[in-house]
Amino acid sequence: MGLITAAVLLTTAGVRVGAAQDPDGQAVFKENCKQCHGINGVPPEREKAKYAKLRTLGDSGFVSRLTVDSIVKIVTKGIDKNMKSFSDKLSAAEIKAVSGYIKE
């Protein structure tokens, strides 16, 4: 069986062939979010002083009320002047991955 035939058979069977690995939500967070939200979801004091509404993501009460989809929306659209949109910096897959990481 040729390589192309095998790839077609695996793809039609639901197996991803040659697909890129899904982004690592933790890595995306460390690269793009930790400066403001802190490495463990607790904002550094300097960021708290700049942004009165800066959320502590480590606060399970706040995060537990959100769905992954609502976090995706926040990361994609931003929140007024307090948090910029990341839609021009992160791919949809990266936004979904980091949103899942925040939720967990």
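The values are calculated or read from the model by the stated rules, or taken from the named source; none is laboratory data. Note that the coordinates shown come from a computational prediction; the quantities given were computed from them, not determined experimentally. Only protein heavy atoms, including side chains, enter the accessible area calculation; ligands, DNA and RNA are left aside. Shrake-Rupley method; radii C 1.70, N 1.55, O 1.52, S 1.80 Å.
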| request: Could you order Arg46, Arg55 so the one with the most accessible surface comes first? Probe is 1.4 Å. | output: Arg46, Arg55
| request: Please tell me which of these pairs span more than 19 angstrom C-alpha to C-alpha: Lys50/Lys89; Lys48/Lys89; Lys48/Lys96; Lys73/Lys103; Lys34/Lys103? | output: Lys50/Lys89; Lys48/Lys89; Lys48/Lys96
